[in-house]
Amino acid sequence: MTSSPIERAADSFAAELARQRTERGLTKKQLATQMGFDPSYVSHVESRRHRPTEDFARRAEAVLGAAGAIWQRFQEYDELRNARSNPVHRDPPVPEQWMPPGTGLIVEQETAALTHHDDSYRCVIRRALYNAGTEPVTRYLVRVAVDRYPSDPGRSNQHHRDHPLTFGELELRAHCDDQGNLEPMDWRAKHDRDAFKEFWLLFENAEGRFPLYPGQRATIEYSYTVGHEKWGPWFQRAVRLPTRRLSVRLDLPAALDPHVWGVETSLSAEEGPLRTPLVRHDEAGRAIFEWTTEEPALNARYRLEWRFRNQPVSPADRTESPTRASDRMRAAGIVQRGADLLRQPARLFDLPREETVAREVVDQLRGALTRIDQLHPFSKGVGLAATQLGIPWSAAVIRPPDRSAELIVLLNPRVVDAALDTDEQYEGCLSFFDQRGLVPRPLRIDVEHAQWDGQRVITAFEFAMARLVAHEVDHLEGRLYVDRMAPGVPLVPVEEYRETGRPWRY
């Protein structure tokens, strides 16, 4: 039987609640305690036996700090529920009511424009912001990522190692329009990698500070330039804050006969075409492509790609990457299949006595994860066990599929409980990355692990996080995912694997 829209909206709320709770490592009981609810009520909401209330949604949003995601799902459900009980037309909510108090920063309108010049691309981003939080906003995080060969991560990574992007060449410019007053914005670097830059736009300059106070609005605009030798044929927007409207404009030379298409992905759907078409119009020798969406889903990604049909491909761009995926991982320091250490149980830390050793191991894991994260688009998330670096200690780190989520650190982990319900999904392993295998895993696991002071805690993981964590715990116990596969099921060469860049489906 086909479910109704209101049932689907309630299911969407429950799924978002479970995802946010799991990513923050909270059990249902722990979340219920922080929210002031009975644990059985949280369990019933997640299992769809109870429908969410406004009070429940507000508390869940506040406790989990979900950047408006939980509240958005509730608003979608609540609108359908009220429409069914009162079909009379209701005016749309005013902006202040769009998110609950304490939500934080909201993007009411984002306009992103990319213009191709003779030898470079100029990107201009304009965001109308509203502070729905309870604290003044004094800075805004901006990310700039380049990828010269998006279909060949290894080659692109090598290219950017040889030709790193620098802050100097970006020619950063930023200003804030606060009720008609244009104020230049200073900036401060946060991360500086070969192909990735993060920096804070500051609500201040040499003349003083101008914070965005609760209940106030302001528009920020920033721009940067990247040479064509470092920018491939793609332009992506990621929705990291609650956003009401997103518009994208691509300005390309008409003489190059550009062919443009778009794809979108989200946490709940695999990659697919844009739901609404790009609109093209030509003016003064330029081909202008425009696209707009209303209230995009949090964490959704919208990507435009193109090729110039009237531009010959250079010999350098025809060159095939000579190295295999496993060779790139080996070069990054990952121990490969066949090494004895991968089949030996890891040594447990004696905490807190060996806390210093544990922290050094985790630092090495973090550094290695940063290196390998530039070699492949890990849309499903990625984990790394100490044994994969040739380190015989029981430690692992996991980066969730949501790149903005906190890195998970596990010390002396062991699975103490697992759901009877399982599913099969394809997994890859950094220690033999030329292949993928279909692996059955439980949909939920409870993992006991140590904190720095030696205290033991139990964390529940579900769905994708359960799979990622179980994979790394297996490594620390001397198992590989091939040990979990059904007899006779073959491994799939990575060249034939078709799920790269797509999240696991649940």
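The values are calculated or read from the model by the stated rules, or taken from the named source; none is laboratory data. Predicted, not measured: the structure shown is a model, and the values here were computed from it. Using ideal geometry, Cβ is built from the backbone for each residue, glycine included, and neighbour counts are taken over all protein chains shown. These accessible areas exclude ligands, DNA and RNA; they are computed on the full protein's heavy atoms, side chains included. Shrake-Rupley method; radii C 1.70, N 1.55, O 1.52, S 1.80 Å.
Using alpha-carbon pairs under 8 Å, 6+ residues apart, how would you state the relative contact order of region 320-392 in percent? Kindly include the intermediate steps, with their values, before the conclusion.
Numbers: 37 pairs, mean separation 35.4, N = 73.
Computed over region 320-392, the figure is 48 percent.
Each label point is 7 Å from the Cα along the Cα-to-Cβ direction; what then is the distance between the points at Leu341 and His175, in nm?
Each label point is offset 7 Å from its Cα along the Cβ direction, giving 5.5 nm.
Counting only heavy atoms of protein chains, what accessible area per residue, in Å², does the chain have with a probe of 1.4 Å?
Computed with neighbouring chains in place, this is 48 Å² per residue.
With an 8 Å cut-off on Cα pairs and a minimum separation of 6 or more residues, tell me the relative contact order of the chain in percent.
Once divided by the residue count of the chain, the mean separation gives 12 percent.
Rounded, prolate or oblate for region 166-229? Axes are the square roots of the Cα gyration tensor eigenvalues, ordered a ≥ b ≥ c, and the cut-off for rounded is a/c under 1.5.
Because a/c hits 1.5 or more and a/b exceeds b/c, region 166-229 counts as prolate.
Quick one: putting +1 on the C-beta of Lys and Arg, -1 on the C-beta of Asp and Glu, what dipole do you get for region 395-466 around its Cα centre, in Debye to the nearest 20?
Here the size comes out at about 180 debye.
Can you tell me the mean projection area, over all orientations, of the convex hull of region 301-450's alpha carbons? Units nm², please.
The orientation-averaged projected area of the Cα hull of region 301-450 comes to 12.2 nm².
For region 322-362, evaluate the Debye formula with one uniform point scatterer on each Cα (no solvent term) and list log10 I(q)/I(0) at q = 0.17 Å⁻¹, rounded to two decimals.
Once normalised to I(0) and log-transformed, intensities are -0.67.
Determine the share of region 162-280's accessible area contributed by carbon and sulfur atoms, expressed in whole percent, with a 1.4 angstrom probe.
Values: 2860 of 5980 Å².
Its accessible area is 48 percent carbon and sulfur atoms.
Step through the residues of region 16-33 one at a time and calculate ³J(HN,Hα) from phi using the Karplus curve (6.51 cos²θ - 1.76 cosθ + 1.60, θ = phi - 60°), rounding each to whole Hz and writing x for Gly and Pro.
5, 4, 5, 5, 5, 5, 5, 5, 8, x, 9, 6, 4, 5, 5, 5, 4, 4
Between Lys29 and Glu496, with labels modelled 7 Å along Cα→Cβ, what's the label distance in nm to one decimal, could you check?
About 4.7 nm, to one decimal.
Check Ala418: other-chain or 5+ apart residues with amide H under 5 Å from its amide H, H built from backbone geometry?
Answer set, sorted by chain and number: Asp446.
List the GluC sites (Glu not before Pro) within region 176-224 that fall in a DSSP loop (any state other than H, G, I, E or B) and whose Cβ has at most 16 other Cβ atoms within 10 Å.
Listed in order of number, the matching sites are Glu207.
Apply the Karplus parameterisation 6.51 cos²θ - 1.76 cosθ + 1.60, with θ equal to phi minus 60°, to every residue of region 376-385 and state each ³J(HN,Hα) to the nearest whole Hz, in sequence, with x for glycine and proline.
Per-residue couplings from phi come out as 7, x, 7, 5, 8, x, 8, x, 8, 9 Hz.
Which of Thr387, Ser223, Ala128 sits closest to the plus end of the dipole of the chain, meaning its Cα is farthest towards the positive end, when Lys and Arg get +1 and Asp and Glu get -1 on the C-beta?
Looking along the dipole axis, the top candidate is Thr387.
Report the charge-dipole magnitude of the chain in Debye, nearest 20, computed about the Cα centre from +1 at each Lys and Arg Cβ and -1 at each Asp and Glu Cβ. Walk me through the numbers on the way to the answer.
Values: 68 positive and 75 negative charges, 130 e Å.
Magnitude of the dipole: close to 620 debye.
Which one, Ala254, His281, Gly232, is farthest towards the positive end of the dipole of region 192-298 when Lys and Arg carry +1 and Asp and Glu -1 on their Cβ?
Farthest towards the positive pole: His281.
Please list 3J(HN,Hα) in residue order for region 253-259, calculated via the Karplus relation 6.51 cos²θ - 1.76 cosθ + 1.60 where θ = phi - 60°; whole Hz, with x for glycine and proline.
Working through the residues one at a time gives x, 5, 5, 7, 6, x, 10 Hz.
I'd like the distance between the alpha-carbon centres of region 381-436 and region 338-371, rounded to an integer number of Å.
13
Quick one: pull the percent of accessible area on region 438-497 belonging to carbon and sulfur, 1.4 Å probe, ligands and nucleic acids left out.
Carbon plus sulfur share of accessible area: 56 percent.
Can you bin region 411-506 into rounded, prolate or oblate? Criterion: square roots of the alpha carbon gyration tensor eigenvalues sorted a ≥ b ≥ c, rounded for a/c under 1.5, prolate for a/b above b/c, oblate for the rest.
Note, shape of region 411-506 comes out prolate.
Bin width 10 Å, origin at 0, all Cα-Cα pairs of region 197-267: what percent of pairs per bin?
In whole percents, the pair-distance histogram is 10, 35, 32, 18, 5.
Taking only DSSP H segments of four or more residues, each worth -39500 (n - 2.57), what value at 222 nm results for the chain once the sum is divided by all its residues, to the nearest 500 deg cm²/dmol?
Rounded to the nearest 500, the figure is -7000 deg cm²/dmol.
Treat each spin label as a single point 7 Å out from the Cα along the C-beta direction, and report the Glu283 to Asp421 distance in nm.
Inter-label distance under the simple model: 5.2 nm.
At a 1.4 Å probe, what is the % contribution of carbon and sulfur to the accessible area of region 353-418?
With neighbouring chains kept in place, the figure for region 353-418 is 46 percent.
Can you tell me the length gained on complete extension of the stretch Arg456 to Thr356, counting 0.36 nm per residue apart and subtracting the Cα distance? Could the numbers behind the result be given before it?
Numbers: separation 100, 0.36 × 100 = 36.00 nm, distance 1.77 nm.
This chain segment gains 34.2 nm when fully extended.
What's the extension gain from Glu207 to His117 if we count 0.36 nm per residue and subtract their Cα-Cα distance?
Extending this stretch completely gives an extra 29.0 nm.
Check Val382: other-chain or 5+ apart residues with amide H under 5 Å from its amide H, H built from backbone geometry?
Under 5 Å from the amide H of Val382 lie the amide H atoms of Arg399, each far enough along the sequence or on another chain.
Write down Rg/Rh for region 363-442, rounded to two decimals, with Rg from the C-alpha atoms and Rh from the Kirkwood relation over Cα pairs.
Details: Rg = 13.5 Å, Rh = 14.0 Å.
Rg/Rh for region 363-442 comes to 0.96.
Please quote Rg/Rh for the chain to two decimal places, taking the Kirkwood radius as Rh and restricting both calculations to Cα atoms. Can you show the working numbers first?
Numbers: Rg = 24.2 Å, Rh = 25.0 Å.
Result for the chain is an Rg/Rh of 0.96.
Jot down the radius of gyration and Dmax of region 174-315, Cα atoms only, both in angstrom.
Looking at region 174-315, its Cα Rg and Dmax stand at 18.1, 55 Å.
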